[in-house]
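The values are calculated or read from the model by the stated rules, or taken from the named source; none is laboratory data. Owing to the predicted nature of the structure, the values given are computational and were not obtained by experimental measurement. Please note: Cβ atoms are built from the backbone with ideal geometry, for glycine as well, and neighbour counts cover all protein chains shown. Keep in mind that these areas ignore ligands, DNA and RNA; they rest on the heavy atoms of the full protein, side chains included. Shrake-Rupley method; radii C 1.70, N 1.55, O 1.52, S 1.80 Å.
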Amino acid sequence: MTTSDKWRNPLRDARDKRLPRIAGPSALVIFGVTGDLSRKKLMPAIYDLANRGLLPPGFGLVGFARRDWADQDFMQVVHDAVKEHARTPFNEHVWSQLAEGIRFVQGTFDDDQSFDNLASCLAALDAERGTGGNHAFYLSIPPGAFPTVVNQLKRAGLAQTQADQWRRVVIEKPFGHDLKSAKELNRTVNEVFPEESVFRIDHYLGKETVQNILALRFANQLYEPIWNSNYVDHVQITMAEDIGLGGRAGYYDGIGATRDVIQNHLLQLLALIAMEEPVSFKPSDLRAEKVKILSATRPAQPFEETTARGQYTGGWQGGQKVPGLLEEGGFSPESKTETFGAITCEVNTRRWAGVPFYLRTGKRLGRRVTEVAVVFKRAPHLPFDDTATEELGQNALVVRVQPDEGVTIRFGSKVPGNTMEVRDVTMDFGYGHSFTESSPEAYERLLLDVLLGEPSLFPKNDEVELSWEILDPILDFWARKDEPALEKYKAGTWGPPSADAMTARTGRHWRRP
Amino acid sequence: MIIDLPSTTTSQINSRLVRLRDEGGATTLGRVLTLVIVTEDGQRTDAAIDAANDASREHPCRVIVVARGARQAAPRLDAQIRVGGDAGASEVVVLRLYGELAKEGASCVMPLLLPDTPVVAWWPFDAPVSPSKDPIGQLAQRRITDAAAEKNPIKALEARKAHYAPGDTDLAWTRLTLWRAMLAASLDLPPYEKITEAEVTGEADSPSTDLLAAWLTDRLKVPAKRYKATSGEGIVQVRLDRASGAVDLHRPDGKVGTLSQPGQPSRRVALQRRSVRDCLAEELRRLDPDEVYAAALKSLSKVSKGRAPAPAPEPAAESGNGKAAAAVKKSKAKASS
């Protein structure tokens, strides 16, 4: 008999690339299981994992919510969610295996009895299904409820482990609403769960294209030599959504686009684009580089000129009449919440000095798109007539994160004909053309990583705190400044005029994604 | 769209492909590999093309089918191009070769290979004795055979072993992945004890069963026994003995397995037999030599064969003439693990 750290599994071999890593025996508890995210993303992802043979034979799934459901009712909900949203085809055998481990615990967060019930439910699962005392708690609940739930878990003895067991807690954004609250949240959670067992889900980091940024940069010789301020003019990171905020007032009012998206997704993208090469792809090395680059990042001043914010008004968008934010149900008619936010960052390192990073996000914009565009400087000398290069723009490399995942390179090419005329063309790599039709959903990858205890795709507390340090000055400035008032923009456009002004002041302009 | 080019040459095929691309958009852009399927001309060719089309949804490729027709006929090349809805995410070129040309498949394949991308050769039915020395096999980085689809699967596996070259692989090995993953995962958990013996039970003519036993003896460095099953399909049972009790994975019905370990409740596992489509997609996922497969092949001779399964669930009654019994079952069962 050997211990777990000395044991080398003889059936595993680094050269054996076919063997997937299957999660060990474990149970996943979802709080807030009746929510949209749980139905549309989490449950289908769990089924897809099972269907791909990546879940352990004795997997347990426990739902916790206020509804008065029996196990069967919950099973039916999962069944319907899987049928409707799963990526892989429905297989009765896989489902019946999975269904055997599905349980439901009815209760509220402040009720001790409910958590005692949860504890006995998990103990029963350990005995019947052999989940081995390994439990992950997915908190798909408002952050205000975190302290209650975390302390309840502690009180019910669900946070303590014995040898060879693990407990992990998964939390979702927002990770606070400013530096102070983020620190407080981290403290609350860390009081019960040590940092290495806290997994903060940023589903963008689970996307193939985002992980491909690392491959593109560090597996190729082609890009690294030009990946610096000698060649790069500026970087634009855009996450645009065409939907509005109907029905999300409770979450969004008072939070706004900047806290909701820039703090986590866009600053993480910035870190991946700007960071130095990690010494290895070990989670700690990767994180060290991300932390370094985030700590060198500052918002560019003066904020009147380098930032923009706006709120959408009603109008016609894509053939539909849509309401403005103030008319959406649940929002106060005086709401000052911004639905569009744009900021300018500078990265104070030798590599990036003088290269602005423009970050923007918004609701009800022209179309749904997330992309990172690295825009290069113009060639210092063009041996052509002015008329020949009139239509030549700047070279650009665009990582399309969603939809239509891929990479585009834009460069000049001669127009066929007997005169010399150069015009922009694109070279395109589409994931859908070159690889799998359906790559795993981000949540599939991330949930599996949680069960395997593989933390590299999850931001840690210092990354979260550094992001708030970057944003806090801007948020304070916006909060202080009454004039000019929050700008309005029409639904279906690319944001308020101030967004264009913030790039135009240095002679640049936003790409139309 | 299906375009027939009777009695043609490869340069005519090529210019037709270029024209199709001009007219129809992005065919052949973003193709990641060329898959060459070698068959005898007949009905089964279409089944192989269908599997390739399905796999192409994961790996967009150009599929070249070399269908060898009657050797006595006059030499002739008939081609068929399939694109769009008739070709999945790939473009399929079917080459029907007659007469002397039937032996010269490589010369027709060469001009149609995509530039600078890997070439994979697949013999869905009968494979050459030494795939790496076959003219088409020599064009390819990776050569996929299927012992289970041959007339004598166990003999075919022996031939694979004798003529192995890096880049060879066999679907009998691919069919094992789920089993291997499940067994490896069971040893990730306590008790962390050395395995003392391995036993694998499966159909008499299931090459995957032999390979699994060989892999276990190679990795675990313990004796492995291979038993003939009296019921069930493909692989039926694996038992890994150790001091505190055996790990046992039993699949009586070809669909659902039961994993039992001492000290833990026995658990059911979905272990359905894999389709050729699945296996092919997995094969195309990696294009480097599979050293683990090579090591397993090498260990085939270390596996000792037994007649009756050790924990005999049913009375053992393997009919004496294994070959005849195998031929009967072949059509339905053994093509999956």
Please calculate the 1.4 Å probe accessible area of B:Ser130, with all protein chains present, and give it to the nearest 10 Å².
-> 20 Å²
Roughly what would the spin-label model give for A:Gln301 and A:Asn348, points 7 Å off Cα along C-beta, in nm?
-> 1.1 nm
Given the C-alpha centroids of the stretch A:139-154 and the stretch A:1-49, what is the distance between them in whole angstrom?
-> 24 Å
Under a Cβ-Cβ cut-off of 11 Å, what is the net charge of the residues other than A:Val375 that fall near it, where Lys and Arg count +1 and Asp and Glu count -1?
-> +4
Against the longest principal axis of chain A, how steep is helix A:179-192, in degrees 0 to 90 to the nearest 10, with axes from Cα atoms?
-> 20 degrees
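Calculate the FRET efficiency for A:Ala14 and B:Ser244 from the Cβ-Cβ distance with a Förster distance of 25 Å, rounded to the nearest 0.05.
On the way: r = 28 Å, r/R0 = 1.11.
The computed FRET efficiency comes out at 0.35.
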Obtain the nm distance between the two label points defined at A:Asn220 and A:Asp36 by a simple spin-label model: each point lies 7 Å from its Cα along the Cα-to-C-beta direction.
-> 3.6 nm
Computed from the beta carbon distance with a Förster radius of 51 Å, FRET efficiency for A:Ser456 and B:Arg277 to the nearest 0.05 stands at 0.95
Starting at the first residue of the stretch B:222-231, write each ³J(HN,Hα) from the Karplus equation 6.51 cos²θ - 1.76 cosθ + 1.60 with θ = phi - 60°, in whole Hz, x for Gly and Pro.
-> 9, x, 10, 10, 10, 10, 8, 7, 9, 8
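In percent, what relative contact order does the stretch B:184-296 have, based on Cα pairs under 8 Å that are 6 or more apart in sequence?
On the way: 193 pairs, mean separation 24.5, N = 113.
Here the relative contact order equals 22 percent.
If each residue of separation counts as 0.36 nm, what is the full-extension length gain between A:Gln211 and A:Val279 once their alpha-carbon separation is subtracted? Display every interim value, and only then the final one.
On the way: separation 68, 0.36 × 68 = 24.48 nm, distance 1.65 nm.
Roughly 22.8 nm would be gained on extension.
Here is the link list: A:Lys41/A:Lys173; A:Lys363/A:Lys481; A:Lys40/A:Lys180; B:Lys194/B:Lys298; A:Lys17/B:Lys103. Which ones come out longer than 26 Å on Cα distance?
Working: A:Lys41/A:Lys173 15 Å; A:Lys363/A:Lys481 23 Å; A:Lys40/A:Lys180 32 Å; B:Lys194/B:Lys298 23 Å; A:Lys17/B:Lys103 36 Å.
Checking Cα-Cα distances, A:Lys40/A:Lys180; A:Lys17/B:Lys103 exceed 26 Å.
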Projected onto the charge dipole of the protein assembly as shown (+1 at Lys/Arg Cβ, -1 at Asp/Glu Cβ, origin at the Cα centre), which of B:Pro135, A:Val29, A:Ala300 gives the Cα projection farthest towards the positive end?
-> B:Pro135
Report the relative contact order of chain A, percent, no decimals, based on alpha-carbon pairs under 8 angstrom and at least 6 residues apart.
-> 17 percent
On the full set of protein chains, 1.4 Å probe, figure out the accessible area of A:Lys180 and give it in Å² to the nearest 10.
-> 150 Å²
For the stretch A:441-504 and the stretch A:81-117, write down the distance between their C-alpha centroids in whole Å.
-> 32 Å
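Averaged over peptide B:174-185, how many Cβ atoms belonging to another chain are found within 10 Å of each residue's Cβ?
Per-residue shielding by partner chains comes out at 5.
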Could you please state, rounded to a whole Å, how far the C-alpha centre of the stretch B:110-170 is from the C-alpha centre of the stretch A:312-378?
-> 54 Å
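Per residue of A:72-79, count partner chain C-beta atoms within 10 Å of its C-beta, then hand back the mean as an integer.
Working: counts 0, 0, 0, 0, 0, 0, 0, 0.
Averaged over the peptide's residues, the number is 0.
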To the nearest 10 degrees, how steep is helix A:208-218 against the longest Cα principal axis of chain A, on a 0 to 90 scale?
-> 60 degrees
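Could you calculate the FRET efficiency of A:Lys488 with A:Glu84 from 1/(1 + (r/R0)^6), where r is the beta carbon distance between them and R0 is 41 Å, rounded to 0.05?
Working: r = 37 Å, r/R0 = 0.90.
So, using R0 = 41 Å, E works out to roughly 0.65.
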Name the residues whose placed amide hydrogens come within less than 5 Å of the amide hydrogen of A:Glu338, ignoring near sequence neighbours (fewer than 5 apart) on the same chain.
-> A:Ala257
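Put A:Asp112, B:Asp4 in order of accessible area, largest first, 1.4 Å probe: what do you get?
Working: A:Asp112 70, B:Asp4 100 Å².
Largest accessible area first, the residues go B:Asp4, A:Asp112.
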In what sequence, largest accessible area first, do A:Glu328, A:Glu208, A:Glu92 appear using a 1.4 Å probe?
-> A:Glu92, A:Glu208, A:Glu328
Quick tally, 1.4 Å probe accessible area for A:Phe340, A:Phe429, A:Phe281, sorted with the most first, runs A:Phe281, A:Phe429, A:Phe340
What residue among A:Ala156, A:Ser96, A:Gly254 has its Cα farthest toward the positive end of the dipole of chain A, where the charges are +1 on Lys, Arg and -1 on Asp, Glu, each on the Cβ?
-> A:Ser96
The helix A:71-85 Cα axis meets the longest alpha-carbon principal axis of chain A at an angle in degrees, between 0 and 90 and rounded to 10, of 30 degrees
In Hz, Karplus ³J(HN,Hα) per residue of the stretch B:268-278 (6.51, -1.76, 1.60; θ = phi - 60°; x = Gly, Pro) | 8, 10, 6, 10, 5, 5, 8, 7, 4, 4, 4
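If you take every DSSP beta bridge fully contained in chain A, what fraction is antiparallel? Give it as a percent rounded to 5. Before the final figure, lay out the partial values.
Details: 44 of 79 bridges.
DSSP beta bridges in chain A are roughly 55 percent antiparallel.
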What does the average come to when, for each residue of peptide A:122-132, you count the partner chain Cβ atoms lying within 10 Å of its Cβ?
-> 2
For A:Glu196, tell me the accessible area in Å² from a 1.4 Å probe, rounded to the nearest 10.
-> 130 Å²
Model label zone, B:Asp46; criterion: amide N under 20 Å from point 7 Å along Cα-to-beta-carbon; scope the stretch B:112-131 | B:124-126
